[in-house]
Amino acid sequence: MKREAAFPDADRPGGAPPAGSPPGARRRRLVRASSALGSILLAGGVGLVPAGPAAAFTLNAIQLDNGTCVQNLQLGSDPTASSSHTPSFLLTGDGPLSSYQFSIDGTVIGTFGANASGNVCIDDTTALSEGAHQLTGQELAPHPSNLISPFSFTVDTVPLAPPSEPVLDPATDSGAPGDDITNHPSLRLDGTSVPSVPIRILENGRLVGGAMASSTGLWTAMTNPLPAGSNVLSAATVSEAGVQSTPSPAVTVTIITAPPPAPPAPTLDPASGSGGSATVPDPTVDGAGAPAGDTITVFVDGAEVGSTDADVSGDWRATLPVLAAGSHSVTATATDVAANTSAPSAPLVVTADAPTVPGIPTLSATAGDGSVTLSWSVATDGGSPVSSYDVYRGTSPGSETLLGPVTAATDTDTSVTNGTTYYYEVSAINDVGQGSLSDEVAATPFAPGQAPTITSSPAVTARIRHVLSFTVTATGSPDPTFSASGSLPRGMSFNVVTGVLSGMARTGTKGTYELTITAANATGVTEQTLAVHVTKP
């Protein structure tokens with residue numbers, strides 16, 4: 001389809017085309033270029049389009065429109081890829097009076113003339129198909145012999161697949177990992193996409209950052225500073241022709257830059273003293289009125305000593321380390337979910353008493369085979385940490401001598417003899433000195449025991465009016481003792497000390513009697529039913 005020339009008319013009276021213009025040529029649009037202003041004013045009040053940096057002049061060079069004519073088609077990475085089915089082109093013409101005829105893929109699209117600056121705008125309203133095309137031209141005036149190199153280009157309007165949902169990078173995630181809450185205004189976002197393509201970061205559709213995906217499709221992008229509050233961020237890929245994909249799924253990042261208010265001054269817990277006077281070496285302090293859920297960090301004399309979380313009511317509690325004698329300043333700060341930290345609270349002045357020797361441990365002893373295991377309660381430290389315990393031992397009450405120091409609240413004495421009773425005491429030691437001795441305890445180590453076994457016969461025969469003596473025997477370690485229950489004929493008895501059944505069955509006692517005999521020691525218990533058969537004389 002043949003197109004009429006577009007001649008500049010602002011610079012010549014009456015808008016007449018220059019000499020040598022093709023017949024029937026008429027005025028099409030006003031295009032005024034101003035290289036001094038670095039911008040192009042389009043007719044009809046379209047507006048100002050920033051011009052790119054000046055390039056070296058090449059006569060009759062063709063490029064896709066860079067915004068000088070109709071539309072900027074050089075937004076992508078490939079300057080020969082058009083994001084429009086109806087592309088426009090720019091040619092550096094042979095002076096302001098030059099004119100040209102152009103064809104696309106061999107079909108003439110029209111005749112076009114240069115403007116006052118020598119630029120030739122070439123546009124076609126016929127939609128082109130996706131793929132490769134070629135623009136060719138011929139200079140008509142003033143030098144028809146000048147050659148124009150064909151310009152090969154592609155039409156690529158299909159967007160790429162969108163990237164993955166952006167993920168807040170740990171480098172700018174100041175809060176709990178993965179909670180998408182931060183105090184960084186400029187965010188670092190990670191994701192995946194088609195390899196080696198530009199990535200745009202969008203905040204509610206507004207471009208706020210970008211990056212280039214790697215050859216494996218990984219990308220990391222930084223944003224411009226974003227406002228405090230919730231920011232809905234998505235990502236989009238950009239094709240070589242500058243076509244932007246649909247946005248990815250969005251991530252909402254909450255930016256909090258203002259620190260929380262300083263919490264109120266701590267107070268001394270009633271169980272640790274009153275006012276500012278501590279009655280325990282490691283007092284507990286309480287707080288109220290802090291922002292719910294904030295982390296409360298506690299300081300003693302400016303040094304951090306621990307942290308805790310404020311509950312839903314803003315209350316908190318923390319136990320201080322052992323304080324040296326004298327006055328101490330206790331303060332607290334609040335840190336919110338974005339890791340913003342408040343100024344310190346007003347101080348609580350706590351006065352600690354001078355430390356004393358430790359308290360008295362409570363000692364216990366358990367005997368074993370060739371050993372005695374000692375254990376005791378951890379003594380109160382008197383305001384100075386317990387460093388060790390001294391263990392004392394003797395073989396008679398009140399005769400204990402130092403066995404040795406230990407650091408744990410337990411000790412096993414293996415330098416003992418089975419069968420000998422030993423007596424023990426223990427005391428605690430701190431930097432102030434040694435505390436009082438514990439109560440004395442005793443233990444007798446012993447050899448491994450053996451459960452009892454009754455080895456005598458489970459039955460015996462007694463004749464009426466005849467004397468009987470039958471010994472029940474049992475083995476075991478230690479020696480077992482006997483007990484018995486059941487019935488015996490009149491005239492007979494069982495001695496639990498000696499294990500002897502003795503006596504004379506009386507007349508009229510014929511029959512069978514059962515006596516349950518129990519043998520027991522420290523290791524176990526066993527029973528046997530002894531059947532006593534009484535017969536005629």
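Numbers for the structure displayed
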| item | result |
| --- | --- |
| Extension reserve of the Ser487-Thr401 stretch, reckoned as 0.36 nm per residue once the Cα distance is removed | 25.4 nm |
| Per residue convex hull volume, Cα atoms of the stretch 167-255, in Å³ | 80 |
| Separation in nanometres of the label points that stand 7 Å from Cα toward Cβ, at Ser387 and Thr455 | 5.9 |
| Inter-label distance, nm, simple model (7 Å from Cα along the C-beta direction), Asn204/Ser364 | 6.8 |
| Value of Rg/Rh across the stretch 48-203 [Cα atoms, Kirkwood radius] | 1.17 |
| Whole-angstrom gap from the stretch 109-126 to the stretch 150-182, using each part's C-alpha centre | 38 |
| Whole-Hz couplings from phi, Karplus 6.51/-1.76/1.60, listed for the stretch 164-174; x for Gly and Pro | 6, 4, x, 10, 5, 6, x, 5, 10, 9, 7 |
| The stretch 121-269 - Debye-derived log10 I(q)/I(0), Cα point model, q = 0.13, 0.15, 0.17 Å⁻¹ | -0.70, -0.81, -0.93 |
| Computed label-point distance, nm, for sites Thr341 and Met222 using a 7 Å Cα→Cβ extension | 2.5 |
| Rg/Rh ratio calculated on Cα atoms of the stretch 285-371 (Kirkwood radius) | 1.25 |
| Environment charge at Ala442 (Cβ cut-off 12 Å; Lys +1, Arg +1, Asp -1, Glu -1) | -3 |
| Among Thr526, Pro458, Ala505 - extreme Cα towards positive end, dipole of the stretch 450-535, charges at beta-carbon | Ala505 |
| Semi-axes of the equivalent ellipsoid for the chain, Cα gyration tensor, largest first, Å | 107, 38, 18 |
| Length gained when the stretch Thr257-Asp431 is fully extended (0.36 nm per residue, less Cα-Cα span) | 57.9 nm |
| Extreme residue, positive dipole direction of the stretch 408-537, given options Ala428, Pro489, Gly476 (C-beta unit charges) | Pro489 |
| Model label zone, Asp479; criterion: amide N under 19 Å from point 7 Å along Cα-to-beta-carbon; scope the stretch 405-434 | 419-420 |
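No value in this document is a laboratory result; all are computed from the given coordinates. Here the structure is a predicted model, which means the values were calculated and not measured. Quick reminder, even Gly has a Cβ in these numbers, built from the backbone with ideal geometry, and neighbours come from all protein chains shown.
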